[in-house]
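The values are calculated or read from the model by the stated rules, or taken from the named source; none is laboratory data. It should be emphasised that the depicted structure is a prediction, and the values quoted were computed from it without experimental measurement. Backbone-built Cβ (ideal geometry, glycine too); neighbour counts: all protein chains shown. Surface areas here come from the heavy atoms of the whole protein model, side chains and all, with no ligands, DNA or RNA. Shrake-Rupley method; radii C 1.70, N 1.55, O 1.52, S 1.80 Å.
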Amino acid sequence: SDFGGTARRPVGPAGHAPSQRAGAMAGKRAYAGSGPRIGEKGKFEGEFKIQKKAPYIDHRLKVWERLFTNHQERLAKEAKKPIKIELPDGAVKDGKAFETTPYEIAKGISSGLADSVVVAKVIYNEPVASLKQCVAADGEDSDDEPQDQTSVLWDLTRPLEGSCRLELLKFDAPQGQDVFWHSSAHILGQAMEREYGCHLTIGPALDNGFYYDGFFGDRKLKEDDFAVVEKHAADICKENQPFERCVLTKDEALELFSENPFKVQLITNKVPDGAMTSCYRCGPLIDLCRGPHLPTTGRAKAFAITKNSAAYWLGDQNMDSLQRLYGVAFPSDKHMKEWKKFQEEAAKRDHRNVGKQQELYMFHSIFSPGSCFWFPMGTRIYNRLMELIRQEYRLRGFTEVITPNMYNSALFKVSGHYQNYKDDMYSLDIEKQEWMLKPMNCPGHFLMFDARVRSYKELPMRFADFGVLHRNEASGALTGLTRVRRFQQDDAHLFVRPEQIKQEVLAGLDFLNFVYGLFGFDASFALSTRPKKALGTKEIWDNAESQLKAALDESGKEWSLNPGDGAFYGPKIDIRLTDAMKRKHQCGTIQLDFNNPIRFNLQYRKEGADDAGDAEEEKGEFQGAVEKDEKGEVIWREGKVRTGFERPVVIHRAILGSVERFTAILTEHFAGKWPFWLSPRQILLVPVSEKNFTYAKWLERQLIIQGFYAEADVSGNTLNKKVRNGQLAQWNYIGVVGDKEMESFAVNLRVRDAERPIGVFTIQDLVARFTKEGTPCSKSMGEFEPFEGRTPAAMAAPEAPAPAAQAAANGSAKPGGANQGAMKLRKMASNLTVEDDVEAFLENHPYVKGFAPSKADRELFNQLCETNFPETPNLRRWFEHMESFSPLERGDWQ
């Protein structure tokens, strides 16, 4: 969706927003003591060499011992008042503030629990000063986001500071996993310092492991270095080093890290004068960190380096080049074995590999990095996904529009995108004016809404757009189809009246659930609220958030709160999908926007307003909000709402999100085995011999005319080779055609992954089968909806038969009577040689001619397939039995 929508903000190679974060951090240079420094050009200045037991380690430890002793003395002076600790099961434990630790509580329950828990989750029942004591200086992406002070993660070995509710988290809890991998990053950092004496920069936990960046001078890390680092990490884990926490002043932190200019820069720029920050130690490693951490390094029983890459300090290519090592760690060898097995399967499913194998798409790293080239087979998938959404648009009241690809930058100043994301947009110089390739569709839709006076009767108005979008992603962040520079998305913007919000959000959730259900995805929902950088007043945001909460509650779906992660113009519902590999993906979003209607002065005439007042210029001054740029020039001025008008609310909505990224997710979800309706390779026709080539090509043409993707293999390969190639290429069906099939206009059909053919199908039966497997739809396209309880089909139906005729049709009339049943009359008309009363005969016989299937069974079955499913019990039983035979088997009956 729009910036701040379906995906996290684009990040540079070092894990930060590429330009703004780097610019802010680079604005202040720092220097502490006589050690190396970051110079005016943002580069490392001073002496550096690769070495074991680097001198700065001893210096840092000496300073730490003094500062940690002081910190412990301060804690010892805190009052040890009695506290109550409530557990999830309702049990209450007694403890003492600044003395009782979560680990002691866990050990009091069982030693096994104490050894398996990773971190504590604490909700304090009273004010605790330390929650607001420290400013994080470890440089991770969420630094600037407000923390939820009602719930906090707490070190197991850190004494509790007040009465609280306590939950003990294990590795399998998402927050427990995050803490485990964050601690493992410190183990990795210590191993890197031990072997190379590098200057560590930033080392966060990731969704699937962790990494640490370090300055190595001119030294480049290679795969050959992995084993050395892993050996150090294994030793660190065996040493069972405790994690120790210390709170420092800014000046103390600068003294502690005076030999590491990167840490000095973080402290200088992120910790205000007079503020405190926190550090952790394990063994000789001391690092800036908010925590919490594992009790000891010994909790990590299995450790592996997974890959390496280059990075830039603060994600800015103008700054120092760093070396990055990625790793993963687990509390047991069993976890590691399961992870490796998962990685093997993930590699097989990797969309980049599948895309190459099936010739779906490609990238060119020189001529257009980050922009996908779609081969014909990939284009079929791409278009079919958009056809699916377009079909639903027609049914759900959306209208598709087309908007320009580039705009004058003034448009994005009005929307606010320019001020927030200018560096992530492509700019052009056109006649000495700044233009930009559009990175989102919404501003264009706002202009279209504002093209004329709108009435309340027109709302909701639902604009949909598949326009091409461009975003200037950092080269280090480009990853196949999941992070690209050129893409399209199923973007829609709904202009609604305030009272229509909940109804439209509920309809949007229904739309999302229908589409995701087609692919077998499980969806989870989260409400993302006001971020730090937000347009509009708190009152507007509170109103918007309450509307989304009401819609989520009424939908019946479980949902969670994601504080501070909304778009800059409004709160949103984020939807995360779980694929076949149990991985989470964020794709769809529903975003509420009260701010852009103000910025674009969007209005509609309210019910009861006088049409004649439209052209009249209203008198009186209006002093609205004004926004100026750095030069003091006005870039936006709030417009006045005219009498009799009010502003619409905009709902930004995406389901697939980026079609490119969704295709990558689907590729890996299905492992390249596409469902028939989405498949670019639906049926491969394989002629038995050269004399069947003409029929195979004719059949290919007929199926293409019917709208299916068919291809005849008329190469010189053997029959078995052709079939095998079709299986490897993941054709949904393989149809073998020989003399017999050519004579009867049929095909011997084999379904993907089946060991044996499923039968011989006439071309009519084949088309019928494929049609049933065509593009799914939320409504039946061949039926009328009822009007006041009536349908055209019901009105055109024949009158009900007389009672005697009805009895005959039901098989209850006596055989030989004047009124024969409808089934018998159809048999007579078809000259079928079966018993007069089939229903009565089948009471004691399995087949219409006795105890063996015959041609008569096949002919009657084919007749019923073209008319109606039988209603009488014996005939119905017989019909279901006939369905169990393949067309090939029924064809052999005499």
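Restrict the check to segment 541-559 and report whether at least one residue is in contact with a Phe, Trp or Tyr (Cβ under 6 Å, 6 or more places away or on another chain), in contact (Cβ under 8 Å) with a residue 12 or more places away in the chain and assigned to a strand (DSSP E or B). Yes, segment 541-559 has at least one match. Assess whether residue 491 counts as being at pLDDT 95 or above, closer than 18 Å to residue 399 by Cα and buried (at least 19 other Cβ atoms within 10 Å of the Cβ). Against the criterion (at pLDDT 95 or above, closer than 18 Å to residue 399 by Cα and buried (at least 19 other Cβ atoms within 10 Å of the Cβ)), residue 491 does not qualify. If I filter segment 71-85 for residues that are modelled with pLDDT under 85, surrounded by 14 or more Cβ atoms within 10 Å (Cβ to Cβ), farther than 30 Å from residue 424 by Cβ and touching a helix residue (DSSP H, G or I) at 6+ places or on another chain (Cβ under 9 Å), do I get at least one hit? Looking through segment 71-85, none of the residues is modelled with pLDDT under 85, surrounded by 14 or more Cβ atoms within 10 Å (Cβ to Cβ), farther than 30 Å from residue 424 by Cβ and touching a helix residue (DSSP H, G or I) at 6+ places or on another chain (Cβ under 9 Å). The set of residues from segment 304-358 being farther than 27 Å from residue 473 by Cβ and among the aromatic types (Phe, Trp, Tyr) comprises 330, 339, 342. Residues in segment 847-878 that are open to solvent by less than 20 Å² (accessible area, probe 1.4 Å), under 27 Å from residue 740 (Cα atoms) and assigned to a helix (DSSP H, G or I): 856, 857, 860, 861, 864. When 346, 304, 310, 329 are checked against the criterion of being at pLDDT below 95 and part of a strand (DSSP E or B), 310 stands alone in meeting it. Note on segment 639-670: residues that are open to solvent by 50 Å² or more (accessible area, probe 1.4 Å) and either among the charged types (D, E, K, R) or farther than 30 Å from residue 502 by Cα (or both) total 4. The single condition among (1) acidic (Asp, Glu); (2) at pLDDT 95 or above; (3) open to solvent by 10 Å² or more (accessible area, probe 1.4 Å) that residue 465 does not satisfy is (3). Taken over segment 31-61, the residue count meeting the criterion of being among the basic types (Lys, Arg), modelled with pLDDT under 90 and either outside any loop (DSSP other than H, G, I, E, B) or open to solvent by less than 60 Å² (accessible area, probe 1.4 Å) (or both) is 1. Taking first residues from segment 563-592 that are without any contact (Cβ under 8 Å) to a residue 60 or more places away in the chain and farther than 29 Å from residue 543 by Cβ and partners that are open to solvent by 20 Å² or more (accessible area, probe 1.4 Å) and among the polar types (S, T, N, Q), the Cβ contacts under 8 Å between residues at least 6 apart in sequence or on separate chains come to 578/524.
Quick check on segment 87-98: of everything there that is farther than 18 Å from residue 157 by Cα and either in contact (Cβ under 8 Å) with a residue 12 or more places away in the chain or open to solvent by less than 40 Å² (accessible area, probe 1.4 Å) (or both), which residue is farthest from the chain's Cα centre (by Cα)? Of everything passing the filter in segment 87-98, 91 is farthest from the chain's Cα centre (by Cα).
Among the residues of segment 283-293, those that are touching a strand residue (DSSP E or B) at 6+ places or on another chain (Cβ under 7 Å) and either in a strand (DSSP E or B) or farther than 25 Å from residue 260 by Cα (or both) comprise 286, 287, 288.
Determine, yes or no, whether residue 184 is modelled with pLDDT of 95 or more, assigned to a helix (DSSP H, G or I) and of a type in the set (Gly, Ala, Ser).
yes
If you filter segment 300-314 down to residues that are in contact (Cβ under 8 Å) with a residue 40 or more places away in the chain and under 13 Å from residue 332 (Cβ atoms), you find that the one that is least open to solvent (accessible area, probe 1.4 Å) is 300. Figure legend. Inter-residue proximity from segment 426-440: first residues surrounded by fewer than 15 Cβ atoms within 10 Å (Cβ to Cβ), second residues aromatic (Phe, Trp, Tyr) and not in a loop (DSSP other than H, G, I, E, B), beta-carbon distance below 6 Å, spacing 6+ or different chains. Indicated pairs: 428/435.
Here residue 684 meets each of (1) under 21 Å from residue 673 (Cβ atoms); (2) open to solvent by 20 Å² or more (accessible area, probe 1.4 Å) with one exception, condition (2). Applying the criterion of being touching a residue at least 24 places away in the same chain (Cβ under 8 Å) and within 22 Å of residue 55 (Cβ to Cβ) to the residues of segment 204-220, the residue that is surrounded by the fewest Cβ atoms within 10 Å (Cβ to Cβ) is 219.
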